[in-house]
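Q: Following this message is one structure expressed as structure tokens.
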Amino acid sequence: MIAKSLKSKTGRSAEMDPGIWSKLPPELLEHILFFLPLKTFLNLRSTCKHFRSLVFSPCFISKHSSASHFSSFLLLSHPQCYGHFPLYDTIRGAWRNLALPFSFLPPTAAHFNLLSSCNGLLCFSLPNSSSFLVCNLLAKSSRVIRFPFFPFAFEMLTLVSTADGYKIFMLCSKFSSNNALVYDSEDHSWTQYDGFQPLLVDNFHQEGASFNGSLWFVTPEPYSAVSFDLGNGKWETLNTEMPGELTFARMVSDTDAGKLYLVGGIGRNGISRSLRVWELGNGGMWVEVERLPELMCRKFMSVCYHNYEHVYCFWHQGMICVCCHTWPEVLYYKVSRRTWHWIPKCPSLPDKWSCGFRWFSFVPEFYASA
């Protein structure tokens, strides 16, 4: 506003006069950059060396790396999207579109399958290839990670953010032996762990819930909560009675608040009559905190057709998202307000798409290192 009011002696606007802007205090410039739109921030680094050095300065990083100030999104992946991903802006309530490949990604990136997301990082795999791709679209960084052995197949994958980078956790079968594999970005190595039960995997869409340095899962019936310590590779079973009459159960975690939630259906003969949310209390017991209203529950159960193996859940910016592999809408619970809502189908999706919907939490984070 100050710049707009200034005029040079010739009467022309001096709003971009370097004699004015070069004297702007660095701390004020940092504050202005903090409010830039996402697209502008992405292009900022190529503007000049001064801006590029500023956004990577220790002072700027310390102020803005703890939490992203950009919009947060629900990202939809579908086999027929062919290199683009519909994004739902949960702050503005609007749909956007993310198209691949970007110039810094391999030419084949448009054909990668999105497997997991965490802390601004996306993990892809390429069919008929022998590698994963982990990338940060905001920072324009990526890393190709080779499979630990060949032939290689996995049943479940979870990308986990750590203080020193990230880890990729997988359950896989090799030569009739069951293993857990962990990739550590800090030393770029794979570690293999034995000991998990084959019956642990009954839902390939559900990722592990990261909580206190471990990944948490729910086993098939008889239901129980188990955890895998990402540090030492040990499995443990939570010695707490699960809620009664469960027809299915999933886990999500709020890592910021240090809370672990259980989402599940309650009913008989394998048919859910209600959807409920429990929180793991201080005494290690599951405490019911919410129930899905009856009318919304009817819609959700009709969507699932009682095929609960298609149901998966994840945490996103204060929301517990409940999704179905065969349905293009998202049901979510706003924890702070204790309210339930539907995110409608993306208007650009064809009506003929009836399955293959996979939603992810995508919170752009500039300093998440790939």
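Q: Exactly one of these conditions fails for LEU100: (1) modelled with pLDDT of 90 or more; (2) of a type in the set (A, V, I, L, M); (3) farther than 17 Å from PHE357 by Cα. Give me its number.
A: (1)
Q: I've got another one for you. Taking SER369, is it more than 14 Å from the chain's Cα centre (by Cα) and either farther than 21 Å from HIS84 by Cα or in contact (Cβ under 8 Å) with a residue 12 or more places away in the chain (or both)?
A: It is true that SER369 is more than 14 Å from the chain's Cα centre (by Cα) and either farther than 21 Å from HIS84 by Cα or in contact (Cβ under 8 Å) with a residue 12 or more places away in the chain (or both).
Q: For the structure I just gave you, tell me whether ARG268 is charged (D, E, K, R), without any contact (Cβ under 8 Å) to a residue 12 or more places away in the chain and surrounded by fewer than 16 Cβ atoms within 10 Å (Cβ to Cβ).
A: No, not satisfied.
Q: How many of the residues making up the range 104-139 are under 19 Å from HIS84 (Cα atoms) and either among the β-branched types (Val, Ile, Thr) or modelled with pLDDT of 80 or more (or both)?
A: So the answer is 20.
Matching residues to (1) outside the structural domain of GLN206 (by TED's automatic domain parsing); (2) closer than 30 Å to PRO328 by Cα; (3) modelled with pLDDT of 70 or more:
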position: ILE2; (1), (2), (3): yes, no, no
position: LEU42; (1), (2), (3): yes, yes, no
position: SER57; (1), (2), (3): yes, no, no
position: PRO86; (1), (2), (3): no, yes, yes
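Q: I've got another one for you. When only residues in the range 59-76 that are at pLDDT 85 or above and touching a Phe, Trp or Tyr at 6+ places or on another chain (Cβ under 6 Å) count, which is surrounded by the fewest Cβ atoms within 10 Å (Cβ to Cβ)?
A: Among them, the one singled out is LEU75.
Q: Exactly one condition in (1) hydrophobic (A, V, I, L, M, F, W, C); (2) touching a strand residue (DSSP E or B) at 6+ places or on another chain (Cβ under 9 Å); (3) in contact (Cβ under 8 Å) with a residue 40 or more places away in the chain is false for LEU138; which is it?
A: In the conditions (1) hydrophobic (A, V, I, L, M, F, W, C); (2) touching a strand residue (DSSP E or B) at 6+ places or on another chain (Cβ under 9 Å); (3) in contact (Cβ under 8 Å) with a residue 40 or more places away in the chain, LEU138 misses (2) alone.
Q: Now for a separate question. Of all residues in the range 212-233, which are touching a Gly at 6+ places or on another chain (Cβ under 8 Å), surrounded by 15 or more Cβ atoms within 10 Å (Cβ to Cβ) and closer than 16 Å to CYS118 by Cα?
A: Within the range 212-233, LEU215, TRP216, LEU230 qualify.
Q: Which of the residues belonging to the range 303-317 are free of Cβ contacts under 8 Å to residues at least 60 places away in the same chain and either within 14 Å of SER274 (Cβ to Cβ) or surrounded by 21 or more Cβ atoms within 10 Å (Cβ to Cβ) (or both)?
A: The answer is CYS304, HIS306.
Conditions (1) in the same structural domain as LYS345 (by TED's automatic domain parsing); (2) surrounded by fewer than 18 Cβ atoms within 10 Å (Cβ to Cβ); (3) within 16 Å of PHE360 (Cα to Cα), marked per residue:
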residue	(1), (2), (3)
LEU98	yes, yes, yes
ASN113	yes, yes, yes
LEU121	yes, no, yes
PHE124	yes, no, yes
SER130	yes, yes, no
VAL134	yes, no, yes
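Q: Here's another thing I want to ask about it. Can you tell which of SER348, SER361 is closer than 18 Å to LEU87 by Cα, in contact with a Phe, Trp or Tyr (Cβ under 9 Å, 6 or more places away or on another chain), assigned to a strand (DSSP E or B) and among the small types (Gly, Ala, Ser)?
A: Result: SER361 is the single residue among SER348, SER361 that is closer than 18 Å to LEU87 by Cα, in contact with a Phe, Trp or Tyr (Cβ under 9 Å, 6 or more places away or on another chain), assigned to a strand (DSSP E or B) and among the small types (Gly, Ala, Ser).
Q: To continue, here is another question. Step by step: first the residues of the range 274-296, then only those that are touching a residue at least 24 places away in the same chain (Cβ under 8 Å), closer than 13 Å to VAL263 by Cβ and not aliphatic (A, V, I, L, M), then the one that is surrounded by the fewest Cβ atoms within 10 Å (Cβ to Cβ). Which residue is that?
A: Per the stated criteria, the residue is GLU288.
Q: So, in the range 318-340, exactly how many residues are surrounded by fewer than 18 Cβ atoms within 10 Å (Cβ to Cβ) and either assigned to a loop (DSSP other than H, G, I, E, B) or in contact with a strand residue (DSSP E or B) (Cβ under 6 Å, 6 or more places away or on another chain) (or both)?
A: Residues flagged as surrounded by fewer than 18 Cβ atoms within 10 Å (Cβ to Cβ) and either assigned to a loop (DSSP other than H, G, I, E, B) or in contact with a strand residue (DSSP E or B) (Cβ under 6 Å, 6 or more places away or on another chain) (or both) within the range 318-340 amount to 7.
Q: Within the range 181-204, take every residue that is closer than 20 Å to TYR312 by Cβ and either in contact with an Asp or Glu (Cβ under 8 Å, 6 or more places away or on another chain) or at pLDDT 95 or above (or both) and give me the one that is surrounded by the most Cβ atoms within 10 Å (Cβ to Cβ).
A: Across the range 181-204, the extreme among qualifying residues is ASN203.
Q: Given the conditions (1) at pLDDT below 80; (2) in a strand (DSSP E or B), and given that ARG143 satisfies all but one, which numbered condition is not satisfied?
A: (1)
The values are calculated or read from the model by the stated rules, or taken from the named source; none is laboratory data. Because the structure is predicted, anything quoted here is derived from the model rather than measured. Note that we place each Cβ from the backbone using ideal geometry, even for glycine, and neighbour counts take in every protein chain shown.
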